[in-house]
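Let me begin by presenting the structure, written as structure tokens, before commenting on it.
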């Protein structure tokens, strides 16, 4: 039965974000993770769905990868493409997605300034590379939930990440600490989160364990003794006993430093706490914000920054606008946003820790322009309804998921809005993700 279900196909068609299509005996199958032109082995699952088993022949688009883990690591999708080829590939995927959703527009697609060593944050997982291996610390293996790849020489992070990750792995391996087993829910070590300021080179290390762990002072001294290009400014210990694989900060202790680092985007300085949102590609974020400002005319406008996170977009626009009002449901992020506004001397910006829908009901009047930067799920129907009640003349929609952007643009079109401009940005090089920005305006009747 297994042999019957495994078939070989050529990837003849692709769809955003990483769907491949191949035909076998006049039947088209859909599967995740392939590149156009590859010959692959897939396993038929249900109906026309399949699972990619292995790549048999490379695509003509590919070249030799410089990453030693590209065949195993699930972190990246396009390490075998040149950066130019990757940008062209992603642009075509985004153009086809828009076309398939009946969105006709000339897409301006921009590159990230850097495609290597660009990430300022990594979440590593403790585990094993295979049953019985030494302690591993890295990223999940492709299509495997329980196996972890030690990501030595990772191409999308600064060398400091590699040094810290490997030294922490070695420290706990030598001391005999066990990793948290997601099947049995036994063990101690869960995650290691590293953040590094691109401009400041300040580093935060956040160790995530279960509550039964005991961390000695020697661990702090060990970290501070590492030879790095940057400097460790703070060490955090997060305790999490939840069964979820997500990092749940049930208890947080600052072991060293002040509990935050700083970084810059253009002329603005930001305090970054352990769980506040901050764009993971600092240089590309600068480009994203410049693109956003170029698409709008913020002068003399009251701008609502919805889903504002730590306020990076609103703060970047504040000096060009009459007033900026931000809303975010995560209280820690709003606290950071307020501190960042004060830190940069902006007096025309305020932030509220509220649900967006409730916020609009209370404070939605006087809005000239709304900026929305929702999570990957996009805007919920109720949020759109609440936003449209206040009839903003313009909406700037910044999206990390173009699929939900397309869905939301249809909702806005039905409400009498039209797309004025739409741009794409390769915000996350080597991965399958892209950022999209749409400026929509109320149609004049």
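Just so you know, all these numbers are worked out from the coordinates, no wet-lab data involved. Only a predicted model underlies this, so the values are computations on that prediction, with no experimental measurement involved. Glycine gets a Cβ as well: all are built from the backbone with ideal geometry, and neighbour counts include every protein chain shown.
How much FRET efficiency would the formula 1/(1 + (r/R0)^6) give for residue 300 and residue 99, where r is the Cβ-Cβ distance and R0 is 60 Å, rounded to 0.05? Approximately 0.95, to the nearest 0.05. Its residues counted as N, segment 322-445 yields a C-alpha radius of gyration over 2.2 N^0.38 Å of 1.10.
Please sort 141-147, 117-123, 261-267 by packing, taking for each peptide the average over its residues of neighbouring beta carbons within 10 angstrom, highest first.
Details: 141-147: 15.6, 117-123: 20.3, 261-267: 17.1.
Descending mean neighbour count gives 117-123, 261-267, 141-147.
The reciprocal of the average 1/r between distinct C-alpha atoms defines the Kirkwood hydrodynamic radius, which for segment 1-61 equals 11.2 Å.
Footprinting exposure proxy ranking of 256, 270, fewest other C-beta atoms within 10 angstrom first, gives 256, 270.
To the nearest 0.05, what FRET efficiency results for residue 183 and residue 45 with a Förster distance of 22 Å applied to their C-beta separation?
Numbers: r = 23 Å, r/R0 = 1.03.
For R0 = 22 Å, the calculated efficiency reads 0.45.
Rg and Dmax over the alpha-carbon atoms of the chain stand at 23.1, 72 Å. Residues 343, 439, 306 in ascending order of nearby Cβ atoms (within 10 Å, fewest first): 343, 439, 306. Arranged from fewest to most other beta-carbon atoms within 10 Å of their beta carbon, 70, 276 become 70, 276. Beyond 17 Å, the tail of the calculated P(r) for segment 121-265 holds 59 percent of the Cα pairs.
Can you tell me which of 311-320, 229-238 comes out highest on packing, and rank the rest after it, using the mean Cβ neighbours within 10 Å?
Values: 311-320: 24.1, 229-238: 19.0.
Highest-to-lowest ranking by the protection proxy: 311-320, 229-238.
Extending 7 Å from Cα along the Cβ direction at residue 134 and again at residue 414 yields two label points whose distance is 5.8 nm. Once Rg and the Kirkwood radius are both taken over the C-alpha atoms of segment 249-342, their ratio Rg/Rh works out to 1.00.
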